[in-house]
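Heads up, the thing below is written out as structure tokens.
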Amino acid sequence: MASTDAEVLAAATNAYTGFVMIEDRLLQNSREPAGSLMAWATPQFGASEQRELQKARNAGEHLVGRLYVSGFDLLSRKNVAGAVRAKLFACADATHSQYLDSNGRNARNPKSALRVAVEVDLRQLVVGASPLLVNGVDGVARVGRC
């Protein structure tokens with residue numbers, strides 16, 4: 001795995017960007033297998049996200065447009081028993097998308113911010129060359145820089 005902050009930042013950015021891209025596709029296409037999310041997430045977090053995705057699909061909810069992430073900063077990194085753990089800050093932007101219900105109406109909570117700062121928890125499951133995987137995403141705040 002990575003040994004410098006720059007390498008960990010690059011690996012974390014790649015992991016979270018990949019996660020958002022597959023989540024995008026899964027929310028747009030109900031025929032895409034939800035299991036494809038597992039390539040980007042830890043087993044526990046991925047299973048939780050799959051349950052949420054299935055609820056949305058069962059309700060006929062879907063995404064039109066794209067979600068974007070930018071403004072990546074490495075908040076922390078450490079080794080736990082040789083495996084890398086990292087916290088990443090990013091800006092999540094949903095302004096170029098619509099989240100619709102089965103009737104084509106807006107299904108987003110009107111109080112939800114379309115641009116938010118998120119803290120992403122990433123973990124390497126196997127010591128060595130395994131990739132970082134998303135282990136959690138928490139909305140931090142509405143911030144001006146996003």
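Tabulated data
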{"quantity": "Residue check, residue 38 open to solvent by 40 Å² or more (accessible area, probe 1.4 Å), at pLDDT below 90 and among the hydrophobic types (A, V, I, L, M, F, W, C)", "calculated": "no"}
{"quantity": "Matching option when the condition is of a type in the set (S, T, N, Q) and within 18 Å of residue 20 (Cα to Cα), among 97, 130", "calculated": "97"}
{"quantity": "Selection within region 2-23 - open to solvent by 20 Å² or more (accessible area, probe 1.4 Å) and out of contact with any helix residue (DSSP H, G or I) (no Cβ under 7 Å at 6 or more places or on another chain)", "calculated": "3, 4, 5, 6, 7, 9, 10, 11, 13, 14, 17, 21"}
{"quantity": "Region 41-64 residues that are at pLDDT 95 or above and of a type in the set (Gly, Ala, Ser), paired with ones that are open to solvent by 50 Å² or more (accessible area, probe 1.4 Å) and outside any loop (DSSP other than H, G, I, E, B) (beta carbon under 7 Å, 6 or more apart)", "calculated": "46/38"}
{"quantity": "Region 76-103, subset hydrophobic (A, V, I, L, M, F, W, C) and loosely packed, with under 14 Cβ neighbours inside 10 Å, residue farthest from the chain's Cα centre (by Cα)", "calculated": "81"}
{"quantity": "Those residues of region 47-67 which are under 15 Å from the mean Cα position of the chain (by Cα), open to solvent by 50 Å² or more (accessible area, probe 1.4 Å) and not charged (D, E, K, R), in sequence order", "calculated": "50"}
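The values are calculated or read from the model by the stated rules, or taken from the named source; none is laboratory data. It should be emphasised that the depicted structure is a prediction, and the values quoted were computed from it without experimental measurement. Every residue, glycine among them, receives a Cβ derived from its backbone with ideal geometry; neighbour counts consider all protein chains shown. With ligands, DNA and RNA removed, areas are computed over all heavy atoms of the protein, side chains included. Shrake-Rupley method; radii C 1.70, N 1.55, O 1.52, S 1.80 Å.
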